Amino acid sequence: MEDRFANVQHHVGDVYVADYTQFASEHPEMAERGVVVSDLKPELIGSLLFRNPNGVKVLSVNFEKNPAVFKLDDGGKVSNCECMLVSEQGNKKRWLALAELKYCKGEDRNIASNFEAALNQLRDTFLHLRDVAGLFKDDDYRYFWIVSMPEHSDKVPFSAFVLSQDELMAYKNLYNSVVISDNVVDIWTGTVIKLPVY
């Protein structure tokens, strides 16, 4: 991955993902901040947390710092998600997670439309990285698409507002990807990530 992306980070503990873009539009002093992938919990806004209690080695790529990867030959740009996390260890098939965050401004009525927009961005990112950039093939990893809405932790899973179980299974069948809609994901091993037990 490091030969394909700039600013690759390595983690062995918890990983937080936040997007300050919307927040910065209302707080000009934060204008330089956008998507942040960090070992430290972000200040001022909610975030997506990849809990890593077992110290699994994880690599992260902030797509905001890699815009050239998503440029199209016609001058356009893929509507990509925030970032990608990849297990760096595992005896079997490792996992790869794409993550998109949506901040709904506290409005419950925005959950469904933001979820659909996030899912479209995840799909477009996945297909671009697989089919155009040739970064991976269908069976290289266990693929996960993470939709996070940090302001709505009390509404998880967000997919329940939009998709039936059959529709979620269709994503698994079409893209070999599991959709997770939560603000916390547990990293168990280099081959297993899953929803937390509440």
Query raised in the report: Which of the peptides 133-140, 75-82 is most tightly packed, and how do the rest follow, judged by the mean count of other Cβ atoms within 10 Å per residue?
Result: 75-82, 133-140
Requested in this report: Go through the stretch 1-57 and name the trypsin sites (Lys or Arg not before Pro) that are in a DSSP coil and have 13 or fewer other Cβ atoms within 10 Å of their Cβ.
Outcome: Arg4
Query raised in the report: Using a simple spin-label model with points 7 Å from Cα along the Cα→Cβ vector, what separation in nm is obtained for Ala68 and Ala117?
Result: 2.9 nm
Requested in this report: Express as a percent, rounded to the nearest 5, the fraction of DSSP beta bridges in the chain (both residues included) that run antiparallel.
Outcome: 60 percent
**Report entry** Size of the chain as Cα extents on the principal axes (Å, biggest first)
**Finding:** 43, 37, 37
Query raised in the report: Say the dipole of the stretch 87-137 comes from +1 at the beta carbon of Lys and Arg and -1 at that of Asp and Glu; which of Leu127, Ile111, Asn91 then lies farthest toward its positive end?
Result: Asn91
**Report entry** Label-reachable residues, the stretch 162-198, where backbone N falls under 18 Å from a point 7 Å from Gln89's Cα toward its Cβ
**Finding:** 186-194
Query raised in the report: Which value, in debye to the nearest 20, gives the size of the charge dipole of the stretch 54-194 about its Cα centre, when Lys and Arg are +1 and Asp and Glu are -1 at the Cβ?
Result: 420 debye
Report summary line: For the chain, whose charge dipole is built from +1 on Lys and Arg Cβ atoms and -1 on Asp and Glu Cβ atoms, the candidate among Pro67, Val36, Trp145 with its Cα farthest towards the positive end is Trp145
Query - the chain: relative contact order in percent, alpha carbon pairs under 8 Å with at least 6 residues between - result: 21 percent
Report summary line: Note: Thr21 to Arg51 extended length (0.36 nm per residue) minus current alpha-carbon separation gives 8.4 nm
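Read-outs throughout are calculated quantities, based only on the coordinates presented, and are distinct from any laboratory measurement. None of the values given here were measured: they were computed from a predicted structure. Reconstructed Cβ throughout: ideal geometry from the backbone, glycine too, with neighbour counts over all protein chains shown.
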